[in-house]
1. Out of everything in segment 32-54 that is touching a residue at least 12 places away in the same chain (Cβ under 8 Å) and more than 12 Å from the chain's Cα centre (by Cα), what residue ends up being most open to solvent (accessible area, probe 1.4 Å)?
2. Within segment 5-31, take every residue that is β-branched (Val, Ile, Thr) and open to solvent by 70 Å² or more (accessible area, probe 1.4 Å) and give me the one that is farthest from the chain's Cα centre (by Cα).
Amino acid sequence: MSKKSKEKFEVIEGETIDACLDRIKAAGYFPVRRTEEPIFVERIENGKVHYVPVNRKIVFEAKLID
């Protein structure tokens, strides 16, 4: 069974970006794109809803090494 030509790798909680890049390389891929998404939490203060960023989700898109 062959590997996909493109794969997405998410930096998991407690993992550094370097560790994720090492995991990508060990799987036989190289990163071509990095995306970040903020993670918000809803807080109610004085009857008003505020959305506060609390974390971020980092995802690498990687291509197969030939």
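The values are calculated or read from the model by the stated rules, or taken from the named source; none is laboratory data. Since we're looking at a predicted model, the values are computed, not measured. Note: ideal-geometry Cβ built from the backbone for every residue, glycine included; neighbour counts use all protein chains shown. Each accessible area value is taken on the protein alone, full model and side chains, heavy atoms only, with ligands, DNA and RNA left out. Shrake-Rupley method; radii C 1.70, N 1.55, O 1.52, S 1.80 Å.
1. Checking each candidate, the answer is PHE40.
2. Among those that are β-branched (Val, Ile, Thr) and open to solvent by 70 Å² or more (accessible area, probe 1.4 Å), it is THR16.
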